[in-house]
1. Suppose we filter 11, 60, 50 for residues that are closer than 25 Å to residue 131 by Cα, within 22 Å of the chain's Cα centre (by Cα) and either of a type in the set (D, E, K, R) or part of a helix (DSSP H, G or I) (or both); which single one remains?
2. Yes or no: region 103-113 includes at least one residue that is surrounded by fewer than 18 Cβ atoms within 10 Å (Cβ to Cβ) and part of a loop (DSSP other than H, G, I, E, B).
3. Which of (1) outside any helix (DSSP H, G or I); (2) touching a helix residue (DSSP H, G or I) at 6+ places or on another chain (Cβ under 9 Å) is the odd one out, the single condition residue 344 does not satisfy?
4. Go through region 304-335 and give me each residue that's of a type in the set (Gly, Ala, Ser) and at pLDDT 95 or above.
5. Test residue 91 against the criterion of being more than 25 Å from residue 347 (Cβ to Cβ), crowded, with 18+ Cβ neighbours inside 10 Å and either hydroxyl-bearing (Ser, Thr, Tyr) or without any contact (Cβ under 8 Å) to a residue 12 or more places away in the chain (or both), and give yes or no.
6. So which helices (runs of 4 or more DSSP H) stay within region 142-248 end to end and still have 1 or more residues that are out of contact with any helix residue (DSSP H, G or I) (no Cβ under 8 Å at 6 or more places or on another chain) and surrounded by fewer than 18 Cβ atoms within 10 Å (Cβ to Cβ)?
7. I'd like the full set of residues that are touching a strand residue (DSSP E or B) at 6+ places or on another chain (Cβ under 9 Å) and among the acidic types (Asp, Glu), limited to region 45-99.
8. Out of all the residues in region 66-87, is one or more more than 18 Å from the chain's Cα centre (by Cα), closer than 22 Å to residue 323 by Cβ and of a type outside the set (D, E, K, R)?
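The values are calculated or read from the model by the stated rules, or taken from the named source; none is laboratory data. Just so it is clear, the structure is predicted and the values come from calculations on it, not from any experiment. Cβ: placed from backbone, ideal geometry, glycine included. Neighbour counts: every protein chain shown.
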Amino acid sequence: MNFVPYAIPVFLLMIVLELFWGLLKGNNTYRVNDSINSLSMGLLSTVTKFVFLNIGALVFAHISQHYAVWSFDLNSLSHWLLAILLYDFLYYWFHRISHERQFFWGSHVVHHQSEDYNLSTALRQTSTSFLTTWVFYIPCFFLGMPIYMYVSIASAHLIYQFWVHTQHIPKLGAFEWLLVSPSNHRVHHAQNADYIDKNYGGWLIIWDRLFGTFKEEDDKQQPIYGIRSPLQSWNPIWGNLHIFVGMARDAWHTNSWSNKFRVLWSKTGWRPDDVATRFPQPKSDLSHFEKYNPQRSSLVNGAVIAQYMLLAALHFWSAAQSTVLPVSLLWAVVTAQVTILIVIGALLDGKPYARLLEYSRLLALTAMLCISYNADLITSEGLNWSLAYLVVSGLLVWPCLWQRQNPAAT
């Protein structure tokens, strides 16, 4: 059973409560641009599942049917506990390798790009997990774990990790020795030299203690969140692809054939010497760290928030309809969501081409609606509702395009 859809309203409520708690206590951990970007990454991650084949599910089903050497019993409490332990153990190694190897980091990096740390960060998920994540859980199905048990544990595991993304909960005493807590997960998200690549656990922190990757949060060392080579962009597509693009660029430019192949499976951060010399990649100066924070007016921020709420309504509707929509309409709905996310990112970045992106979006979606109507894929009522949505969406973007933009970061 997938518990995540039932948890989403609770997630959103807790984000609102954390925001107000921070304001009340004079310790607000939210910024409009960063939080909207985190939510955009989460929404994009869900949208991509509408149209990309779930390779992992096919592999899991094939292994379960033909190669399982044992079988978990859904009616046995001990089997459930064993399955939970197995899943968490595999998660530790998936998470650890996702930090330590370049190719896997390319997918996982999305979750670590935020330079803030709050509950919205938990929703910042990758859209390329179909390339990497499922590989690590193959042992579950060789051991005959039923898909119901696997999905139930995996979704509960994901839900647990939501609450640890906060700065408002201090250390929890003896709890810290066994389970993942906000304190030890803050360390995991930090880019400080003493903290980086530590505390990989999902439920249990004991794996980190056993395998030498545990680090306690030091009260004298404030975590600095984000990644060592800052993204400095609110574009969700670039956020998902920048590591892979960098790997391809390094493989192209290096003169060594062995290094062209090594780039793919190298340790995270490794680059061929000849490429690193020609195209140096600057790191953040943590002694004078400044968050990426292009300033936008309250009008722009308000319009972007309203736009995202409108998008969320479309997203939840499309998620409910994804299994019954014709493929062409499904792609149209996905295109509508992805394009507005790109426009939102450009507005928050203050990019001069935001206007061109918006005009292209409106023109392309209007054309898709007209073609769909003429092909009898949507009714006149559906066309009217869709055009009304597009008009409201366009009106929300309009004031942002004409607002004087100041790209300077503070």
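1. Step by step, each of 11, 60, 50 is checked, and only 50 is closer than 25 Å to residue 131 by Cα, within 22 Å of the chain's Cα centre (by Cα) and either of a type in the set (D, E, K, R) or part of a helix (DSSP H, G or I) (or both).
2. There is no residue in region 103-113 that is surrounded by fewer than 18 Cβ atoms within 10 Å (Cβ to Cβ) and part of a loop (DSSP other than H, G, I, E, B).
3. Single failed check for residue 344: (1).
4. Selection gives 306 alone.
5. In short, yes.
6. Those helices (runs of 4 or more DSSP H) span 147-160, 175-178, 206-211.
7. Residue satisfying the conditions is 88 alone.
8. No, region 66-87 has no match at all.
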